[in-house]
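> Could you have a look at this structure, given as structure tokens, before my questions?
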Amino acid sequence: MTAQAPSLVPVTPREATVEFDEFVGARSGALLRTAYLLTRDHGLAEDLLQTALSKAWFAWGRIQGEPEPYVRKVLVNTYASWWRRKWNGEHATDELPDRGVAHPEEGAHDLWTALGRLPRRQRAVVVLRYFDDLTEAETARLLGCSVGTVKSQASKALAKLRIDPALTSEVN
């Protein structure tokens, strides 16, 4: 008798809740890291992850196979829809707000700055390919584009990072 791969189609709502809770407990840290690398803001990253997990919860019974690729795709698609929307969250003011605090990891600050200068699509490709260690095919599938687009966006992003002043300035 051969063992069948487990299906994520739960028998009862209680089993669905337990499976979902276990998934969130096990993978939310990695997914939050991805969300942070995409948004570059802890609050937005938490909102992005919460939105993605909420969407995944409603589809939980229909997810076949491993749920993480599905949730990661929801995360990236939600991020993409956020950057396509017209942003109304910032308002002009006469006084500048307090200066933000630098990232606690000193060596990473320059990288965050350089990543922030990349266009959002290039940043998404860099995060998925090099921080989440996804293949070109997986990245293309998540972003809804061709492998060639992933390659060209990665190439353009790396070229920009190579000449970014935050990464090229010499240490005094």
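The values are calculated or read from the model by the stated rules, or taken from the named source; none is laboratory data. Remember, predicted model here, so these are calculated numbers, not experimental data. Cβ sites come from the backbone with ideal geometry, for glycine too, and all protein chains shown count toward neighbours.
> For segment 61-75, how many residues are basic (K, R) and surrounded by fewer than 20 Cβ atoms within 10 Å (Cβ to Cβ)?
Of the residues in segment 61-75, 2 are basic (K, R) and surrounded by fewer than 20 Cβ atoms within 10 Å (Cβ to Cβ).
> Please go through segment 33-60 and give me each residue that is within 30 Å of P13 (Cβ to Cβ) and exposed (fewer than 13 other Cβ atoms within 10 Å of the Cβ), ordered by number.
Residues satisfying the conditions are S54, F58, A59.
> For segment 128-148, which residues satisfy the criterion of being surrounded by fewer than 18 Cβ atoms within 10 Å (Cβ to Cβ), hydroxyl-bearing (S, T, Y) and closer than 24 Å to Y36 by Cβ?
Matches in segment 128-148: Y130, T135.
> Oh, and also: Kindly indicate whether any position in segment 74-93 is among the charged types (D, E, K, R), part of a helix (DSSP H, G or I) and modelled with pLDDT of 85 or more.
Checking segment 74-93: not a single residue is among the charged types (D, E, K, R), part of a helix (DSSP H, G or I) and modelled with pLDDT of 85 or more.
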